[in-house]
Each structure stands twice: as structure tokens, then as C-alpha cells.
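S.K.: The following block contains the structure, expressed as C-alpha cells.
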Amino acid sequence: MTKRPELPQALASWADSPGGSAFCEAARRRIANGGRLDRKMPLTMTPRQRADLVDLFGSNSVSASAVHLDRANTALLNGAHAMPLRQLLIAVSGPLLTNRGQARYRRIVKKANIHHARTILAARIRPVPELAQELKLLTGLPDSASWLPPQDSRAQTRTWATYAMALTAAAVWFQGRARVWKFGERELSVRALGGSKRWTEPTKAAFSSLVGLPFSEAVYTADTGIRMLGPASWKLQRLVADASAARPFIDLPGRTAATEGTLDIQADGVLLIENHETFQALSRTSVPEQWLCIWMEGYASDALALFLSFLPDLPLTAWGDLDPPGIDIIVNLSAKSGRTITPVAMNEQLYQAGYMLEEGADALDDWRQQAEKQARTAPEAFRPLARAIARNNGYRCEQEGLHEQVLPYLHSWLNQYIDTPPLAPSASATGS
């Protein structure tokens, strides 16, 4: 690779001037478009910019609306710095490439990256006899600029990242099995994928196909506690937990409670809560007398999704932060559990009555764009809130600031979703 020439301080200062900056940008753009540096280059200049160019190239090289590049090159060569114009441009901003050359350079780099990734992956699976066929498929891939994995791989994915992660995990897993060692889910992720939280659902599926076992059988999967309060109990041979008697809450192992023993739900419905202080505040209301209240922990966990999928046909509702992440958590949990979840206390009126988070302009712009997207793509029940957030420039409202406006009326609003007559709400209340 050609070493980038050093730029004298005087020329570096000139390149940062209004005229120098405009000239270098225009000249590089000219070369990218296939132009040459030996002809006249049109250039719109302010008086200040023209003065900067005259300082370096002389008045003979610079007219009112153009720069004679051949003259500028001669002036620069014959001046104090004895540097050709092309070398100046390279020293200021790096190698000069035409658009065609840049595209070729990107293709070369991509092919090199693909070759490197394939080589590293092949080295990882080569010592594993059970993956010999996968190694044959990998090393037999044509030398092309495609990230696609082998078509006949047992991983059954067309995404290179998923394929590479699954194959790497399978290699470590087979080596562990040879030592009569069974990995835990996160243990294997740390050992093979570079971190405890690297698994994705597609990667798990591809890994399971490679090792020939369901994911939950191939590794130990840790259960996740689900914090709840309300009319529900769980029995394994005998009573294990009574959520109705627990104050302020009780934790149940989500997967185990969903799939083993007897889960007895006497509630009229389920209320999911995003944040913990709000969840605990429910114990000071009458809501847990009829509704099973569950803390979402701020994300749509697999254990909670599984738990919800095993519940009887009850109304499922959720109250989260009035912001794009709050909407996403509930929408994702609904998709993962296969159950319809209705938002409560998440409307435009309450959003406008709430206390807005103080955030910078860049963050607000990101939230605004996300809200605009949700206003088009989220389930209909969430769209009015998303539109309100977008109109308010992305400002977010956390549910804790709405306790006074919501908690006294929440039981009334929830009863609208069951067959029993609703309690009469206060005239000042704003429902879901």
C-alpha cells in the first residue's frame, strides 16, 4: 500500500481554509467522476474562497468561476512546497479513486472478508468428526463474493451470521459431549459465541438442527422467575405457592409453572406491568383482588411468553411506559406468546397529562422516527399513542409519573374487559 505523504503545516492550514476545503472537495469529486487534473475545473467561489486559492496557486491559475488545474499544478510544483497537485489531494484526504475504482476496491475487500470468515470457521470445526460433512460443504464453497452459507448444510439457514454462530456452538457442544459434559445455555454461549447473551431464536434453531436435539434437551436451560400478585396458586403434589396471599408479591419459576404441576388461576384477567415500582404499587389497590398482576421486568422474556401461552382464555392487558419501547415490549410479548394483549392506561390523554423525560435532540429524533413507524405498523390499539408521541417530537412518558392519574381508577378500567359490571369511574378519570 502506498504510504500517505505527509502534509506540511502550512499546506494543512490552507486545506482547512474555506477556499482550500472547497477546492480539495471539488477536485476529488472530479476525479471520482472520471475527470482529469490537467484542465479547467468550474468552481463557484466566494471572494474569501477565491483569495485562499490565489494565495497558493496565483491569480493566473484562478479565474472568477474556475481553476485552471494544469496551471495550479505547475504553480504548486514550482512553489516552496514542490508538491504536485495529485500528491496534495492524497495528503489531505487519502487515496484518489474513481467511482468505478471504489466499487472494485469494495468488491476486493468483501471477498477478502468472506475468505477470512470461512477460514476461521473451518479451523473451528475441523477437529470435530461429527461436523466432517459440514466442513466438506464449507470448504467446497466457490470463491465468490457471497456471504451465503452452503445450501445443503444441516443448519438450514441462508444467513451467514446465524450459520457461523450455530456451527461454532455445535463444534464446542460436540467437544463437550466427548468429555461427557453437558453445557448450560449461557455457559455454551460464553464458550462459543463470545458472550452470555448471544443466542437468538434463529441461531438456536440452526444449532438444534446441527446437533440433532431440541435446544432444551441439548443444553441446560435456566428457568426464569415470574413475579406476580393476585388470585392464582401453583401445586406440585401439594401447594407450592399462593399468589393471592402474598404481599407484596411472589415469584414462580415461569417455565416449570407453565408445564408442570397444576396452575390454578381464579382471576378475572391478567394485568402485565412494565416497571417494578408500579407493580408493587398495585398491592395498595383493589386490583389484585380480581386480577393476576405480573411484572414484565421491562422486556418480553421467553419464560413469560411461555407462561402466558399456557394460561386459560382470560383477558390479557398490559400497562407500560408511554413510549416506543413500552409499546414494543407488549407487542413483542403478544407475538411470542400468541395471545392478544390489550393496552390499558396507554392513551393520548394520559400521555399528554404525564411528565416527559428530559433527553437530547438526537435521542428525541430517534424516538420520533420509531413512533412514526409504530403509528403505521403497530396493532391498532397502540397507534393513537404512537401518533401522539410522534407529534410531540419523540418525548417519552414513564408510567411511574402517572400513578396518581391511573391507580385510583385502574380497577374500574380493567373491569371493562370482563363480564362483571364495571365500577363507576371518577368524572376526572381517563381510561384506556
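S.K.: Between THR221 and SER59, how many nm apart are label points set 7 Å from Cα along the C-beta direction?
M.R.: Distance between the two pseudo-spin positions: 8.2 nm.
S.K.: Within region 8-45, whose backbone N sits under 14 Å from a point 7 Å along Cα→Cβ of ALA80?
M.R.: Flagged as within label range: 8-15.
S.K.: Can you pull the percent of Cα pairs in region 263-368 with separation above 20 Å?
M.R.: I get 43 percent for the Cα pairs in region 263-368 exceeding 20 Å.
S.K.: Output the direction-averaged projected area (hull surface divided by four) of the convex hull of the alpha-carbon atoms of the chain, in nm².
M.R.: One quarter of the hull surface, i.e. the mean projection, equals 31.1 nm².
S.K.: If you line up the long axis of helix 160-178 against the longest principal axis of the chain, both from Cα atoms, how many degrees apart are they, to the nearest 10?
M.R.: 60 degrees
S.K.: Quick one: what do you get for region 351-393 if you divide its Cα Rg by 2.2 N^0.38 Å?
M.R.: Working it through for region 351-393, the quotient is 1.13.
S.K.: Could you give the length gained on full extension between ASN113 and ARG36, defined as 0.36 nm per residue of separation minus the Cα-Cα distance, in nm?
M.R.: 24.5 nm
S.K.: Relative contact order (percent) for the chain, with alpha-carbon contacts under 8 angstrom and 6 or more residues of separation?
M.R.: After rounding, I find 8 percent.
S.K.: Here is a follow-up. Could you put ASP16, ASP366 in order of accessible surface area, largest first, with the 1.4 Å probe and the full protein assembly present?
M.R.: Final ranking, largest accessible area leading: ASP16, ASP366.
S.K.: On to the next question. Counting only C-alpha contacts under 8 Å and six or more residues apart, can you give the relative contact order of region 279-393 as a whole percent?
M.R.: 23 percent.
S.K.: Turning to a different aspect of this structure: Once label points are set 7 Å from the Cα along Cα→Cβ at both ALA361 and LYS235, what is their separation, rounded to one decimal in nm?
M.R.: Here the answer is 6.4 nm between the modelled labels.
S.K.: What does the helix-only formula give at 222 nm for the chain: each DSSP H stretch with n ≥ 4 adding -39500 (n - 2.57), the total divided by the residues, and the result rounded to the nearest 500 deg cm²/dmol?
M.R.: -14000 deg cm²/dmol
S.K.: Relative to the first principal axis of the alpha-carbon coordinates of the chain, what is the inclination of helix 201-211, with its axis defined by its Cα atoms, in degrees from 0 to 90 and to the nearest 10?
M.R.: Computed tilt is about 90 degrees.
S.K.: Cα extents of region 261-325 along the three principal axes, largest first, in whole Å?
M.R.: 34, 29, 19
S.K.: Let me ask something additional. Restricting to Cα pairs below 8 Å that are 6+ residues apart, what does the relative contact order work out to for region 1-122? Please round to a whole percent.
M.R.: Worked out over region 1-122, it gives 28 percent.
S.K.: Solvent-accessible area of SER93, probe 1.4 Å, all protein chains present, reported in Å² to the nearest ten, please.
M.R.: 60 Å²
S.K.: A further question on this structure: Keeping all protein chains in position, work out how much accessible area LYS182 exposes to a 1.4 Å probe, and write it in Å² to the nearest 10.
M.R.: 70 Å²
S.K.: In whole Å, largest first, what are the principal axis extents of the Cα atoms in region 115-216?
M.R.: The Cα atoms of region 115-216 stretch 37, 25, 22 Å along their principal axes.
S.K.: Now, a different point. Taking θ = phi - 60°, what integer Hz values does the Karplus form 6.51 cos²θ - 1.76 cosθ + 1.60 yield along region 361-371, in sequence order, with x for Gly and Pro?
M.R.: 4, 5, 5, 4, 5, 5, 5, 4, 5, 5, 5
S.K.: Using a 10 Å Cβ count of at most 16 others and DSSP loop calls, identify the longest part of the chain lacking such GluC sites (Glu not before Pro).
M.R.: Of all site-free stretches, the longest is 7-259.
S.K.: Okay, next question. Would you list, by chain and number, the lysines whose Cα falls below 23 Å from the Cα of LYS197, excluding same-chain residues fewer than 8 positions away?
M.R.: LYS182, LYS336
The values are calculated or read from the model by the stated rules, or taken from the named source; none is laboratory data. This is a predicted model, so every value here is computed, not measured. For neighbour counting, all protein chains shown are included, and Cβ atoms are generated from backbone atoms with ideal geometry for every residue, glycine included. For accessibility, only protein heavy atoms count, side chains too; no ligands or nucleic acids. Shrake-Rupley method; radii C 1.70, N 1.55, O 1.52, S 1.80 Å.
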